[in-house]
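The values are calculated or read from the model by the stated rules, or taken from the named source; none is laboratory data. It should be emphasised that the depicted structure is a prediction, and the values quoted were computed from it without experimental measurement. FYI the Cβ positions are ideal-geometry reconstructions off the backbone, even for glycines, and counts take in every protein chain you see.
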Number of protein chains: 2
Amino acid sequence: MTMDKASDRSLSQTVKAQLALRELVLRGALNPGERVSELQMVERLGVSRTPVRMALVRLEEEGLLEAIPSGGFAVKAFSEKEVFVSIEIRGTLEGLAARLAAEHGASRSALLNAAECLDEIDDVIRREMLEVDLSQYVELNARFHRILIDMADSPPLTRQLERASALPFASASALVPVQSRSPELHHILTVAQDQHRCVLTAIERREGSRAEAIMREHARIAHRNLERALSNQRDMDLVPGSALIKRRIRA
Amino acid sequence: MTMDKASDRSLSQTVKAQLALRELVLRGALNPGERVSELQMVERLGVSRTPVRMALVRLEEEGLLEAIPSGGFAVKAFSEKEVFVSIEIRGTLEGLAARLAAEHGASRSALLNAAECLDEIDDVIRREMLEVDLSQYVELNARFHRILIDMADSPPLTRQLERASALPFASASALVPVQSRSPELHHILTVAQDQHRCVLTAIERREGSRAEAIMREHARIAHRNLERALSNQRDMDLVPGSALIKRRIRA
DNA sequence: AGCCCATTGTCTGTATACAACCTGTCTTAG
DNA sequence: CTAAGACAGGTTGTATACAGACAATGGGCT
């Protein structure tokens, strides 16, 4: 965890700065609205101004920072509604991906790959009833979503979705851990997995409209998780980048 | 048109470089796939390497350039399918915007503003029957789409749509001029304008699903225009950035 | 004659120096 | 006591120097 400084000599300084800076922002080390000083980051990240500047520009495009009119960048703050819409955007684009995959047909190998992924998720959910460890589910879930997007086979859509998922709390599995302490956990995972199976079936059968609708609804599970996280600070802490979300009431 | 070089001393060098470089790419002055050399751009744009580099990064994020693995950037080439999907993405997101606007209600002033814009478009279409000058229509059309997006009042969605419309041939009115020589011109403008009116009505009546469907279909007019442009090189020349689109057959 | 290796030229990645700008504070005049 | 202006500190925007990497080319060896 603390070996980020000198490690990875192979990576370019720019990438190193980008990763480290994103980590800082997500961890909440910089306060929302606060200006991110280039020079401070120079001494904090151990690289010169040029890569820092590069990283700042890229993180702005990513949506984690926003440009200050007078120059420089500040940590962005997100309202509850903005998070909600970000999730809706992702769901809409994933819906589009599913529809395109259904309409022009997915490759046999991709379908098998996806089915295999779902079987593994089933295993994890079964085991989940004994010991709660969502990391595997989160990873497999992300993998399934990636397979689905690849099925659309449309680079521009992939790009847009990457961008939509760049906001940490908008990505496919960012809000899953929120439910880890919930008694509904198993219920929710079961429902989500059923949607996974349904959308895959719809794609196989070339039912584009259905595939799209399912993916949209699937993303709305994240809305529920968000709702829960906004109520309990304890659950909120499980979400990466939660420090960027403006709370409704300050306790 | 030729006063871009030394003018606008107030603008930052980075912005100047970005605008000039985008112009070069869209004009087709750089061949798709070709590497964009920083030093060559330095002497071509009259600014130093730092702003050039900045502009390159931003144009990559915009989608006009792509990173070369070994370093640097190249002009991106788009397949017919990629253009098609880019249009579909824009339509989908505009559909989402219309639905959100309908569901949570648009402000009275925004609705009036939009209606006024549509009246102006009506005027232009009427005049269009005499003299063909689409520039006004293009501008008003863009304005209406912007008003619509603003009605959603969702910064993340606005951002994503800006990004989706960054590709020149994917934006709302980029492909309109394609029809300027077509006998169907008046027909198409009439249909498009009717969709404008319908979507506005749907938003007023809080018919979210309908508003969304209309905007999606509305964007598909661009598909038809694209089809036409791909057949006639003469029409293709009217589209900015057409040089980036890979032709199916090389004549 | 063909292939491999070395060398050279050009490119990008990085660091840093300089200048213009904005901001906040302190002083001074009304 | 207030308000306006000037100054100082720090910030970013820009330019340029340097080093490492990649690619192309030419010569030598087989």
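From the list A:124, A:47, A:138, A:85, exactly one residue is within 14 Å of chain B (Cβ to nearest Cβ) and without any contact (Cβ under 8 Å) to a residue 40 or more places away in the chain. Which is it?
Working: A:124 fails: within 14 Å of chain B (Cβ to nearest Cβ); A:47 fails: within 14 Å of chain B (Cβ to nearest Cβ); A:138 fails: within 14 Å of chain B (Cβ to nearest Cβ).
The conditions single out A:85.
Filter region A:148-171 down to residues that are in a helix (DSSP H, G or I) and among the aliphatic types (A, V, I, L, M) and give me whichever is farthest from the other protein chains (Cβ to nearest Cβ).
Taking region A:148-171 and keeping what is in a helix (DSSP H, G or I), we get A:148-152, A:155-164, A:168-170.
If we keep only those that are among the aliphatic types (A, V, I, L, M) as well, we get A:148-149, A:151-152, A:157, A:161, A:164, A:170.
On the way: A:148: 15, A:149: 12, A:151: 13, A:152: 8, A:157: 6, A:161: 10, A:164: 7, A:170: 8 Å.
Once the filter is applied, the top-ranked residue is A:148.
Taking residue A:106 as the residue in question, decide whether it is farther than 28 Å from residue A:28 by Cβ, within 14 Å of another protein chain (Cβ to nearest Cβ) and surrounded by 19 or more Cβ atoms within 10 Å (Cβ to Cβ).
No.
Anything in region B:58-76 that is without any contact (Cβ under 8 Å) to a residue 40 or more places away in the chain, in contact with a Lys or Arg (Cβ under 7 Å, 6 or more places away or on another chain) and not acidic (Asp, Glu)? List them, or say none.
Answer for region B:58-76, where residues must be without any contact (Cβ under 8 Å) to a residue 40 or more places away in the chain, in contact with a Lys or Arg (Cβ under 7 Å, 6 or more places away or on another chain) and not acidic (Asp, Glu): B:68, B:72.
All but one of (1) touching a Cys at 6+ places or on another chain (Cβ under 7 Å); (2) modelled with pLDDT under 95 hold for residue A:233, so report the exception by its number.
(1)
Check B:95, B:72 and return the single one that is within 14 Å of chain A (Cβ to nearest Cβ) and either touching a His at 6+ places or on another chain (Cβ under 9 Å) or among the hydroxyl-bearing types (Ser, Thr, Tyr) (or both). Explain how you work it out, then say what you get.
Values: B:72 fails: either touching a His at 6+ places or on another chain (Cβ under 9 Å) or among the hydroxyl-bearing types (Ser, Thr, Tyr) (or both).
Just one listed residue meets the conditions, B:95.
Tell me the residue from A:115, A:98, A:152, A:142 that is more than 21 Å from the chain's Cα centre (by Cα) and not charged (D, E, K, R), please.
Of A:115, A:98, A:152, A:142, the one residue that is more than 21 Å from the chain's Cα centre (by Cα) and not charged (D, E, K, R) is A:115.
If you check residue A:16 against the conditions, is it away from DNA strand D (no atom under 12 Å from the Cβ), farther than 20 Å from residue A:243 by Cα, without any contact (Cβ under 8 Å) to a residue 60 or more places away in the chain and among the charged types (D, E, K, R)?
Here the answer is yes, as residue A:16 does meet what is asked.
Of everything in region B:50-66, what is within 12 Å of another protein chain (Cβ to nearest Cβ) and in a strand (DSSP E or B)? Give them in sequence order.
Scanning region B:50-66 gives a single hit, B:66.
Does residue B:126 count as out of contact with any Lys or Arg (no Cβ under 9 Å at 6 or more places or on another chain) and either on the phi > 0 side of the Ramachandran plot or surrounded by fewer than 19 Cβ atoms within 10 Å (Cβ to Cβ) (or both)?
Criteria met by residue B:126.
Based on what the data block shows, is residue A:28 more than 16 Å from DNA strand C (Cβ to nearest atom), surrounded by fewer than 20 Cβ atoms within 10 Å (Cβ to Cβ) and of a type outside the set (D, E, K, R)?
yes
Going by the structure shown, is residue A:55 at pLDDT 90 or above, under 23 Å from the mean Cα position of the chain (by Cα) and more than 14 Å from residue A:72 (Cα to Cα)?
On the way: at pLDDT 90 or above: yes; under 23 Å from the mean Cα position of the chain (by Cα): yes; more than 14 Å from residue A:72 (Cα to Cα): no.
The answer is no for residue A:55.
In this structure, is residue B:44 more than 16 Å from DNA strand C (Cβ to nearest atom) and not assigned by TED's automatic domain parsing to the domain that holds residue B:202?
No; evaluated as a whole, the condition is false for this residue.
Name the residues in region A:178-196 that are among the acidic types (Asp, Glu) and either assigned to a helix (DSSP H, G or I) or surrounded by 14 or more Cβ atoms within 10 Å (Cβ to Cβ) (or both), would you?
A:194, the sole residue that qualifies.
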